[in-house]
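Inspection log for the structure reproduced underneath, given as structure tokens.
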Amino acid sequence: MKIFKRNMLSIALIVSMASASATDYNKGLLIWFDTPNPSVKVAPDTIWEYRSLPIGNGHTGASIIGSVATERITLNEKSLWRGGPNTQGGAEYYWDVNKPAAQYLPEIRQAFIDGDNAKAGMLTQKNFNGKAAYEERNEKPFRFGSFTTMGEFHIETGIRDADISGYRHILSLDSALAVTQFSYQGTQYSRRYFVSYPDRIMVIRYAGSRPGAQSLTFRYEPNPEATGVTTFEDGCMVYRGRLNSNKMSFVIRIQPVIKGGKTGFSDKALTVQGADEVMFIVAADTDYKINFAPDFTDPQTYVGVNPDQTTLDRIKAAMTRSYNTLLMRHFKDHSALFSRVKLSLNPKIPIEIKPTDRRLADYRSGKPDYYLEELYFQYGRYLLIASSRAGSMPANLQGIWSNDVDGPWHVDYHNNINIQMNYWPACPTNLAECTWPLIDFIRSQVKPGTVTAQAYYGSNGWTTSISSNIFGFTAPLSSEAMSWNFCPMAGPWLATHVWDYYDFTRDRKFLKDIGYDLLKGSAQFVCDYLWKRPDGVYTAAPSTSPEHGPVDKGATFAHAVARELLLDAIAASKTLGVDKSSRARWQQVLDNIAPYEIGRYGQLMEWSDDIDDQEDKHRHVNHLFGLHPGRTISPITQHELAKACEVVLYFRGDFATGWSMGWKLNQWARLHDGNHAYMLYRNLLKTGTRANLWDTHPPFQIDGNFGGTAGITEMLLQSHVERIHLLPSLPDAWNDGAVSGLRARGNFTVALEWKNRELTKAVITSHSGEPCVLRYGHDELMFKTKAGQTYVIGLDTEKKTLLLTE
């Protein structure tokens, strides 16, 4: 298929690179700066948040600051967490977090019947919180814990910042390679960084155009909340540490490999003198092991790895390979995922070559920049690959990158939208493999979540609450602020991702072996939790609209999630031909959930009573869940409800926190208003994005990046209402373009070309041989497919109808 080609951005780089034909970091999709960053860390560390460049392999993450005299590299390992059952209180203390709240449900529901909402709210507030505090200052020992930094590397170079020229600090998305380069006293210096998934190591390579130019001191600055010892063994610097909070063991090994010169060790630092080039191989690991069936009596139930051995094995294996071999193994692995999707917007418009911070500043002043829009889309895919790979924990609130002992919201797993938003782009942008950490995380919630479901709701099945850690935490927290702390539908929302993974991949073995039990347990919870009122209607009582408003007898959000989850469970049951009786119950509840309601000013009501405020600009738009990410409201199937969603979005406004604009972008795309969706995308870039293109709440919060990428995908392709909808929300600004490699539900790959805002060609590849229903404008085309076959679609320009041409 012909795809429009954009002239690739090119910067005159100083140092050539081996195997450049495959990993040429001076071409393609780049984030780059032309001014160096300070070598000294100053609190707050805004340089890290605004200008560092992130690399990662799902397990290990690093933020490259781009300093000259002393390079700073923030190091993370995603399983390095404080808290958990091995804190000082022990396992019994850690798991004693649920309150026996279910006994109060009849009284709460009777209060709603009596019209005493205040009493129902008070009873919920006093009884449906948990025992564990969310803030360390409120609980000793602190059991919830936090994701925490693994420390920093400081590489002293002896080079004066003021005397350099030709500085470039580059992140190549295509190669997953960070590069810093400059000229100093006639010598050209190049520093390259990547984190390899196949080899589970980080590689740092310093080289120069003059022999003997590398004289370095490599220091490791550990997490101040850890206790450890640095040693030097067989030419390798080793740090063995334990977190003070929970004695979690972790190990970091830094192995230098030099060409020329010599290495030494002094004052807990690794030194290199007079080398032509030096490669540092870094391996880092913890003793954490995910556990789907934790023993509630064992304080070490999440311990199962020997990081001393794993890091040693990785270093030994890496030492048998050259730098070029390590780089090519890394590149092939990354490229196999990243290169699947290509996006080209208005390709005939020339690209101006300029650093990303200036590019973003010009965009904010109103200058169009379609390369920047492509770059941001692909950056979300890059970040997901870097922060979510099979065998690791899922991407957290900052993906995998944090620079503090305890970052914003503990850099945890927020289950009331944030972790879900992280995975919106995974399947649609052809990164289904990156969903596996989320699936494993959901599996880890089931056993503890079964206890939470029974304690709070007297329910079978499982659920979780607003915040989770890596240690199976599923209870509400101790705060009585129910608007944010009470979220019984967090578990079912997570479970919808299980069906979504199947819906895109049609992996029947996954559904049978893993997915179905997760969906079934969530459906059991939903049916037991929902209250069957005297009139036979099922409502979520009590419930909330996350982080907004009062305790309600039936919040729209809760009902929308319940509908979505039951639809998923029913479909899974039918697909596998199992649990007919359970399916009948699920269908009966689904058919009788309280319906969506339209309020006094035409809005989709957020609560069971019409109390919405037209002046409300709240960042959460939970009640539009059925529009997005759900599928129970669509302009195609429920026009009036879709218009009511549009009213909500108009009144909520087009500016908010970064992630909120990302969600609204998706919702406008689902309403088929491409120009309004594009406005939200521009606002996200203008006010919700840092110079390094990280999303900001503020502070840095990665879900907005993922939400933005998902939203652009929804503008170009949708497949949630049993149709593959081509260019459903194409904005006027994207006059010409092409996209390839997107995925649609039913296990299809889709490529599209358009000109003058009109579809010119679509190529559909069927991977499972299912019937295909295409929609473009108001026209639909249905045809049978065979697995492995590709189908070319054209357009009758006069009739505006789709034609199967090949």
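The values are calculated or read from the model by the stated rules, or taken from the named source; none is laboratory data. Here the structure is a predicted model, which is why all the values come from computation and not from measurement. Using ideal geometry, Cβ is built from the backbone for each residue, glycine included, and neighbour counts are taken over all protein chains shown. When the accessible area is computed, the model is the full protein with side chains, heavy atoms only, and any ligands, DNA or RNA have been set aside. Shrake-Rupley method; radii C 1.70, N 1.55, O 1.52, S 1.80 Å.
Brief remarks on what is shown
- For LYS800, the lysines whose Cα falls under 22 Å of its own Cα, not counting residues fewer than eight places away in the same chain, are LYS2, LYS755, LYS761, LYS784.
- With a simple spin-label model that places each label point 7 Å from the Cα along the Cα-to-Cβ direction, the separation between ASP308 and VAL537 comes to 6.5 nm.
- Proximal charge balance of TRP401 [Cβ under 14 Å; K/R count +1, D/E count -1]: -3
- Taking Cβ atoms as reference points and 13 Å as the exclusive limit, the residues near TYR104 contribute a net charge of +3, counting Lys and Arg as +1 and Asp and Glu as -1.
- Ordering 418-427, 615-624 by mean Cβ neighbour count within 10 Å, with the highest value first, yields 418-427, 615-624.
- Per-residue packing, averaged as other Cβ atoms within 10 Å, sorts the ranges 780-789, 256-265 into the order 256-265, 780-789, beginning with the highest.
- Alpha carbon convex hull of segment 564-689, volume per residue in cubic angstrom: 117 Å³
- Cα-based helix-to-principal-axis angle, 703-716 vs the chain, degrees rounded to 10: 70 degrees
- On full extension, the segment bounded by HIS778 and LEU576 gains 69.3 nm, given 0.36 nm per residue less the C-alpha separation.
- For TYR501, the solvent-accessible surface with a 1.4 Å probe is about 20 Å², rounded to the nearest 10.
- Segment 306-462 - accessible surface per residue (Å², probe 1.4 Å): 30 Å²
- Across all Cα atoms of segment 449-554, the radius of gyration (one decimal) and Dmax (whole number) stand at 14.8, 43 Å.
- A Förster radius of 56 Å combined with the Cβ-Cβ distance from ASP616 to SER215 puts the calculated FRET efficiency at roughly 0.40.
- Of SER660, SER478, the order by accessible heavy-atom surface (1.4 Å probe, DNA, RNA and ligands excluded), from most exposed downward, is SER478, SER660.
- Reported label for calculated P(r) over Cα pairs in 20 Å bins from 0, in percent given (1) 16, 48, 31, 5, 0; (2) 12, 28, 23, 20, 14, 2, 0; (3) 14, 39, 30, 15, 2: (1)
- Charge tally for ASP591 (other residues, Cβ to Cβ under 13 Å; Lys, Arg +1; Asp, Glu -1): +4.
- Rough spin-label spacing in nm, given labels placed 7 Å along Cα→Cβ, for THR231 and PHE651: 6.6 nm
- Principal-axis tilt of helix 117-127 within the chain, Cα atoms, nearest 10 degrees: 40 degrees
- Taking the square roots of 5 times each eigenvalue of the Cα gyration tensor of segment 659-798, largest first, gives ellipsoid semi-axes of 30, 17, 12 Å.
- Prolate/oblate/rounded call for segment 231-342, Cα gyration tensor, a/c under 1.5 rounded: oblate
- As a rough guide to protection, the peptides 354-365, 35-46 ranked by mean Cβ packing within 10 Å, highest first, stand as 354-365, 35-46.
- The charge dipole of the chain, taken about its Cα centre with unit charges on the Cβ of Lys, Arg, Asp and Glu (plus for the first two, minus for the last two), comes to roughly 1880 debye.
- With respect to the chain, whose longest principal axis is taken over its alpha-carbon atoms, helix 436-457 is tilted by about 40°.
- Rule-of-thumb Rg ratio for segment 622-684 [Cα; 2.2 N^0.38 Å; N residues]: 1.00
- Taking the inverse of the mean reciprocal distance over all distinct Cα pairs, the Kirkwood hydrodynamic radius of segment 319-380 comes to 14.2 Å.
- Segment 28-97 and segment 125-174 have Cα centres lying 4 Å from one another.
- When you work out D = kT/(6 pi eta Rh) for segment 586-655 at 25 °C and 0.890 mPa s, using the Kirkwood radius from C-alpha pairs as Rh and the Stokes-Einstein form, the result is 193 µm²/s.
- Where the Cα pairs of segment 165-322 fall when distances are cut into 5 Å bins, in %: 2, 8, 15, 17, 18, 15, 11, 7, 4, 2, 1, 1, 0
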